[in-house]
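See structure below.
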Amino acid sequence: MSACVLSGGTCQDSVCRNLSNDPLNCGACGRACATGQVCTTGTCQAMTTLEFMPFAPCNLVTDYVDSGTVNFGGALGAMYSPRCIRVRVGTRVTFSGAFGSHPLRPSTRGTSGNPISATSTGDSTGVIFGSAGFFPFYCQFHGDDGGSGMAGVVYVMP
């Protein structure tokens, strides 16, 4: 097997996995972190708001376990509210705001297989998160893939 350039490892299913921060493949293929833990630099650790910081400027974690809505634009201006949320696998998260002014983009960082799609029109889209991990996103005009500015992250727990 050859190593993946961006993800840091290749697992037996021939799919590139980020062994540094994928909670289902933490440090090695198939090594899953326990509920309430995150994978940081290949080691399972208790989750804190600091775990979100590599992906987005998070000060608080809003804990949604069944559903979540991320609002943006309008009175909020160029920011997401909440920026960082925690949901369970299978949860639908709705992004609600003017995508024409704040185009939604999935980040290339975080857990591989980010289900968030680039969206530039309309005012609402829903994303169902089918696997655990960190799934960052940002506004094409007011943020960047590095997590600066208008950026956020969905942490999906197993």
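Structure summary
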{"item": "Complete set of residues in the stretch 138-153 that are assigned to a strand (DSSP E or B) and not polar (S, T, N, Q)", "result": "Y138, C139, F141, H142, G143, G149, M150, A151, G152, V153"}
{"item": "Qualifying positions in the stretch 99-129 - of a type in the set (V, I, T) and in contact with an Asp or Glu (Cβ under 8 Å, 6 or more places away or on another chain)", "result": "T108, T111"}
{"item": "Complete set of residues in the stretch 78-117 that are outside any loop (DSSP other than H, G, I, E, B) and more than 14 Å from the chain's Cα centre (by Cα)", "result": "S81, S96"}
{"item": "Flag for V156 being in a strand (DSSP E or B), under 20 Å from A32 (Cα atoms) and either without any contact (Cβ under 8 Å) to a residue 40 or more places away in the chain or touching a Gly at 6+ places or on another chain (Cβ under 8 Å) (or both)", "result": "yes"}
{"item": "Residues (at pLDDT 95 or above, among the aliphatic types (A, V, I, L, M) and under 9 Å from the mean Cα position of the chain (by Cα)) located in the stretch 118-154", "result": "none"}
{"item": "Test for C4: is it at pLDDT 70 or above and hydrophobic (A, V, I, L, M, F, W, C)", "result": "no"}
{"item": "Qualifying position, being at pLDDT 80 or above and either surrounded by 21 or more Cβ atoms within 10 Å (Cβ to Cβ) or in a loop (DSSP other than H, G, I, E, B) (or both), among V65, V38, V70", "result": "V70"}
{"item": "Options S124, S101, S148: the member that is surrounded by fewer than 16 Cβ atoms within 10 Å (Cβ to Cβ) and closer than 26 Å to R17 by Cα", "result": "S148"}
{"item": "Leading residue by the ranking (nearest to G149 (Cα to Cα)) among those in the stretch 118-128 that are assigned to a loop (DSSP other than H, G, I, E, B) and among the hydroxyl-bearing types (S, T, Y)", "result": "S120"}
{"item": "Residues (closer than 10 Å to P158 by Cα and surrounded by 15 or more Cβ atoms within 10 Å (Cβ to Cβ)) located in the stretch 22-35", "result": "P23, L24, A32, C33"}
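Table: residues versus (1) modelled with pLDDT under 75; (2) closer than 24 Å to D144 by Cα; (3) not polar (S, T, N, Q).
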| residue | (1), (2), (3) |
| --- | --- |
| S14 | yes, no, no |
| L50 | yes, yes, yes |
| M79 | no, yes, yes |
| P82 | no, yes, yes |
| R86 | no, yes, yes |
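The values are calculated or read from the model by the stated rules, or taken from the named source; none is laboratory data. None of the values given here were measured: they were computed from a predicted structure. We place every Cβ from the backbone using ideal geometry, glycine too, and count neighbours over all the protein chains shown.
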